[in-house]
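**Student:** Input: one structure, supplied below.
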Amino acid sequence: MVSVVAAALTLAGWVSHVAAHAEFSGVAAPSLRGRVTVVDAPSAPVFLDSAIFERLEHFKDVGVPATLQDQIGRATIADGTCRSVVAPGSGPFSLDGYAFWHHNPERVDEVLKALVQLPSTSQPSKFVIAAKKQLPSACFYGNQTNKLDLYRPDALAKTLYNWHRAICDLDWEDPAEQPQQQALTTGFICMATCDTAKMELTAAAMDAFSASMAAAEAVTKSMCAAMPWTKQGPATPLDGLKSYEVVRDDQEGMGAILDWLSYVPKDVSCLPPVCQPSGSDPWDRDVEFEPTPLPYDPRDFLRGVIDHEGSRKRGFFDAGSWIEYLEGWGRTVIVGRARLGGMPMGVIAVETRSVDRLVPADPSNSESCEVKETNGGKVWFPDSAFKTAQALKDFNRGENLPVIIFANWRGFSGGTRDMYNEILKFGAMIVDALVEYDQPIFIYIPKHGELRGGAWVVIDPAINPDKMEMYADVDARGGILEPPGIVEVKYRAPQQ
């Protein structure tokens, strides 16, 4: 017997990391920090051939064809396949906690190739016998080189969301009901949570999930009790989206605080600290990244980017100085702090791409449900207008930062729901913040940018003429009305 400490389910820490990065925000954090379940499990597989057949049949006929472009799916199918047929601790390579998670792609491909080449699943006995003979050699193919940070946080978020639902939502069309499926799914949840929380997941811990249903049931019971699945989704709503910055651990948090303080004066009577720019990034260099007429990531313009040829195109601000805040909230506006020639500045930019916004279900209302909205780029919505006003107040109050606004708005959203959500109030808050601003405010309409409608009115330099200045690229455009509206007004037919 082996004693297994299943301390992997620290999903609160996992979601804290993912919340500020994931485009998919419908993941909730179970309050499982500190919950440790100790179980005893045999040191050899105890699953019947029928359970092994059920998993491998599903992997071969459904899983592999559906995950051709899904790295996480392919890695977990390879991992689950090998844990189904290989006894814990056997073979030249141990199936440790991350045997395929940070995988060598060749190793994953070799396992999936061997799986696909097994006999037809219409012959269960022959299929399982062949699997036990042919798969182990593929499972130990290649090396065990781990690749850290291989997967995007938003991809991990979506995957973990589905795994949690499969375990805890018994009414779902694809529940984890079969013993081998439940054991493997629970193990995969532990992989994701331990990995993103920088916790060690030992080979012994993972052995339990391929060796005994009891081990999986113990952890599954704790997880589903802490965060039951309701008709509206996870019972605990995700509330990390309004965080200024989300970090993995305390040490990283202290570093983030120090980074923020490096932009703040020692007292309200002093100017912010100025750092001498490095010799490789002089203050008078050119901005090499050029905005395009098509939607692009404005962060590339702010911080620079490595292009498809491997060359670095330097951005507007000093290299390495850009820090984004409030990333997960009001995502049609981007706010942060950066240095320009060593001088700290507050930064407000505009997302040119459409973004998805998830409104979680109200746990107190059984009739409510999760709503997914698509917000268009270059538009102020209630949350992003509030975010803009809040950022201006933060930059001005105590930090004494000059601010640059990269204006590229077509206007404010004006739907009935937006009016109900106080879009006018938050627009007025932007004006109030600009009127009260005591430091220089630079408004720049970038190349291929535009400033239209109420957005022009809100940031017109006449609001605070002593502090505000506006500039525009020669290829930028501006005006209260967009061209179609101007044409309709100027060339309309005479009134009868």
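**Student:** On the given criteria, is Glu351 within 24 Å of the chain's Cα centre (by Cα), among the acidic types (Asp, Glu) and surrounded by 22 or more Cβ atoms within 10 Å (Cβ to Cβ)? Explain how you work it out, then say what you get.
**Tutor:** Numbers: within 24 Å of the chain's Cα centre (by Cα): yes; among the acidic types (Asp, Glu): yes; surrounded by 22 or more Cβ atoms within 10 Å (Cβ to Cβ): yes.
Judged against the criteria, Glu351 is a match.
**Student:** Sticking with this one: Test Ala462 against the stated conditions and say whether it is free of Cβ contacts under 8 Å to residues at least 12 places away in the same chain, assigned by the TED database to the domain that holds Glu351, part of a helix (DSSP H, G or I) and within 29 Å of Pro272 (Cβ to Cβ).
**Tutor:** Here the answer is yes, as Ala462 does meet what is asked.
**Student:** Mind checking which residues of the stretch 465-480 are outside any strand (DSSP E or B) and either among the polar types (S, T, N, Q) or surrounded by 14 or more Cβ atoms within 10 Å (Cβ to Cβ) (or both)?
**Tutor:** Lys467, Asp473, Ala476, Ile480
**Student:** Within the stretch 393-426, track down each residue that is of a type outside the set (D, E, K, R), closer than 26 Å to Leu481 by Cβ, in contact with a strand residue (DSSP E or B) (Cβ under 8 Å, 6 or more places away or on another chain) and part of a loop (DSSP other than H, G, I, E, B).
**Tutor:** Hits for the stretch 393-426 are Ala407, Asn408, Trp409, Ser413.
**Student:** Please identify the pairs in which a residue from the stretch 174-189 that is assigned by the TED database to the domain that holds Ile52 and farther than 16 Å from Thr159 by Cα has its Cβ atom under 8 Å from the Cβ atom of a residue that is among the hydrophobic types (A, V, I, L, M, F, W, C) and at pLDDT 75 or above, counting only partners at least 6 apart or on another chain.
**Tutor:** Hits for this filter: Gln178/Ala51; Pro179/Ala51; Gln180/Ala51; Gln180/Ile52.
**Student:** Another question about this same structure. Considering each of Arg339, Arg331 in turn, give the residue that is crowded, with 16+ Cβ neighbours inside 10 Å and either of a type in the set (Gly, Ala, Ser) or more than 17 Å from Asp297 (Cβ to Cβ) (or both). Don't jump to the end; show me each part of the working.
**Tutor:** Numbers: Arg331 fails: either of a type in the set (Gly, Ala, Ser) or more than 17 Å from Asp297 (Cβ to Cβ) (or both).
Result: Arg339 is the single residue among Arg339, Arg331 that is crowded, with 16+ Cβ neighbours inside 10 Å and either of a type in the set (Gly, Ala, Ser) or more than 17 Å from Asp297 (Cβ to Cβ) (or both).
**Student:** Follow-up. Name the one entry in Pro344, Pro363 that is modelled with pLDDT of 80 or more and in contact with a Ser or Thr (Cβ under 9 Å, 6 or more places away or on another chain).
**Tutor:** Going through Pro344, Pro363 in turn, the sole match is Pro344.
**Student:** Select, from Leu451, Leu434, the only residue that is assigned to a helix (DSSP H, G or I) and within 33 Å of the chain's Cα centre (by Cα).
**Tutor:** When all the criteria are applied, what remains is Leu434.
**Student:** If I ask for residues that are surrounded by fewer than 22 Cβ atoms within 10 Å (Cβ to Cβ) and of a type in the set (Lys, Arg), which ones from the stretch 381-437 would you list?
**Tutor:** Of everything in the stretch 381-437, those that are surrounded by fewer than 22 Cβ atoms within 10 Å (Cβ to Cβ) and of a type in the set (Lys, Arg) turn out to be Lys393, Arg397, Arg410, Arg417, Lys425.
**Student:** Among the residues that make up the stretch 268-279, is at least one of them in contact with a strand residue (DSSP E or B) (Cβ under 8 Å, 6 or more places away or on another chain), modelled with pLDDT of 90 or more and aliphatic (A, V, I, L, M)?
**Tutor:** Checked against the condition, which is being in contact with a strand residue (DSSP E or B) (Cβ under 8 Å, 6 or more places away or on another chain), modelled with pLDDT of 90 or more and aliphatic (A, V, I, L, M), the stretch 268-279 yields no hits at all.
**Student:** Follow-up question, since we're still on this one. Considering only residues that are assigned to a loop (DSSP other than H, G, I, E, B) and buried (at least 19 other Cβ atoms within 10 Å of the Cβ), look in the stretch 164-180 and name the one that is modelled with the highest pLDDT.
**Tutor:** Of all residues in the stretch 164-180, those assigned to a loop (DSSP other than H, G, I, E, B) come to 169-178.
Narrowing further to those that are buried (at least 19 other Cβ atoms within 10 Å of the Cβ): 169, 176.
Numbers: Asp169: 79, Ala176: 71.
Step by step, filter the stretch 164-180, then rank; the result is Asp169.
The values are calculated or read from the model by the stated rules, or taken from the named source; none is laboratory data. Here the structure is a predicted model, which is why all the values come from computation and not from measurement. Backbone-built Cβ (ideal geometry, glycine too); neighbour counts: all protein chains shown.
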